Amino acid sequence: MPRRVLFVASLHHPQELLREQRAAPDAANPPLFPRSMELYSWGRAFRQAGWEIEVFWRNLPGFGSRSIASLSNEVFRTALTPGRILAGLMQRIPPALHPDLRARNRLLQQQARQFKPDLIWLAGNNREILPATLERLKRELRCQLVFMHGDSPIVFSHANERAAAPLYDLVLVNDRYHGAQWRELGAPQVARLPYVAIDPDFHAPQPITDVPHDYLCDVGFVGTLVPGKLYSERVATLERLRDFDLGIWSVHDVPASLAPFHRGYALGDEMLGVLSSIKICINTHGDTMRYGVNLRLFECAALGAFQIVDDRPGVSECFTVGEHLVTFSDFADLREKARYYLAHDEERLRIAEAARQHALAHHRYDQRVARVVGLLGMG
């Protein structure tokens, strides 16, 4: 009997998933995740390893229709809106006393009891699922629990997540310091894999001749720039490049200083096209990622995109600086290297291709799945 993994996460890009489901060649087996979420590739890797998978979207309401069509794409706005005020007030209600959240927890228990997973995979930013629910499911189903979190639990986590730390059989983090913090909260096992990687069937370079002209620029960035308390270093980096041919793609708001360079959003196929077309991809980590790496590091490499990355210790653990990518130490260094590599096409392309081959050989999701299964003793 194949093993089973139940993913528990929030659906951030529902309209992308609906579009991809409508376009799926096999209507009987539509995709469970939008390709813009890393769980898409985790799910594919588990399936390729012979596992059965299901997903529970915890941000769907507990009462009434649970159609994903009722959700909107998650967009962070800097302006104070009635919706943000209402959401903030609702979050002040203790989860254990919140009727809708209690209903969602009951629905998760029902689905898990029917599916009988060997592994529950809980994605970070969990406001909804209670520790008591996770403890009950582990006890009843005798399954293991993996928690995947990309931020510092000190700076950006929820009480539910911290309280459940002793229940996690394995916590996956991208930053070594974050792992130490989860251990202090009681997590028995933490691994910095990193948990982000590449899927060769998805992260494939796109021919520049096939992309819209707006995707073409000398220097570009794809990602999140707000709120400032989490991404101030990214904003400052891009502000130093405003006199270059700069393009920025973000689903969320963009600071006023960079608004003239915003060209829209890039998810799924659009992301592949944009990163394949930019001559130099700027990759600055979030402010709390001091000793880790982000997903874009691997995506750019797999797409054959040349990238200049801020000098984080974790970068050199995954790639060889100078051979697979280039790092910058300060803004003067950044500008100098951007000018140099724009003027040296062959060198830039050679480094980008070396990064692609390295990512394909060492940083695939199927390799990450094998490592997780081994850490859990399920190999």
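The values are calculated or read from the model by the stated rules, or taken from the named source; none is laboratory data. Everything quoted here is computed from the prediction, not taken from an experiment. Positions of Cβ are generated from backbone atoms using ideal geometry, with glycine treated the same way; all protein chains shown enter the neighbour counts.
With respect to the conditions (1) assigned to a helix (DSSP H, G or I); (2) exposed (fewer than 10 other Cβ atoms within 10 Å of the Cβ); (3) at pLDDT 90 or above, Leu89 lacks only one, and its number is (3). Going through (1) of a type in the set (Val, Ile, Thr); (2) farther than 30 Å from Glu353 by Cβ; (3) touching a residue at least 40 places away in the same chain (Cβ under 8 Å) one by one, Ile198 falls short only on (2).
Scan segment 234-246 residue by residue and report those that are surrounded by 15 or more Cβ atoms within 10 Å (Cβ to Cβ), in a helix (DSSP H, G or I) and either touching a strand residue (DSSP E or B) at 6+ places or on another chain (Cβ under 7 Å) or of a type in the set (A, V, I, L, M) (or both). Answer for segment 234-246, where residues must be surrounded by 15 or more Cβ atoms within 10 Å (Cβ to Cβ), in a helix (DSSP H, G or I) and either touching a strand residue (DSSP E or B) at 6+ places or on another chain (Cβ under 7 Å) or of a type in the set (A, V, I, L, M) (or both): Val235, Thr237, Leu238. Counting just the residues of segment 337-363 that are assigned to a helix (DSSP H, G or I) and small (Gly, Ala, Ser), which one comes out surrounded by the fewest Cβ atoms within 10 Å (Cβ to Cβ)? So, considering only residues that are assigned to a helix (DSSP H, G or I) and small (Gly, Ala, Ser), the one surrounded by the fewest Cβ atoms within 10 Å (Cβ to Cβ) is Ala361. For segment 223-273, residues that are among the hydrophobic types (A, V, I, L, M, F, W, C) and under 20 Å from Leu334 (Cβ atoms) total 12. Contact map, segment 51-74: residues that are more than 23 Å from His252 (Cα to Cα) paired with residues that are assigned to a loop (DSSP other than H, G, I, E, B) and of a type in the set (Asp, Glu), Cβ distance under 8 Å, separation 6+ or inter-chain. No pairs are found. Taking Asp269 as the residue in question, decide whether it is at pLDDT 95 or above and surrounded by fewer than 18 Cβ atoms within 10 Å (Cβ to Cβ). No. Taken together, the criteria exclude Ala123 from residues that are out of contact with any strand residue (DSSP E or B) (no Cβ under 9 Å at 6 or more places or on another chain) and modelled with pLDDT of 95 or more. State yes or no: is Arg296 in contact (Cβ under 8 Å) with a residue 40 or more places away in the chain, surrounded by fewer than 21 Cβ atoms within 10 Å (Cβ to Cβ) and either closer than 21 Å to His213 by Cβ or not assigned by TED's automatic domain parsing to the domain that holds His149 (or both)? Judged against the criteria, Arg296 is not a match.
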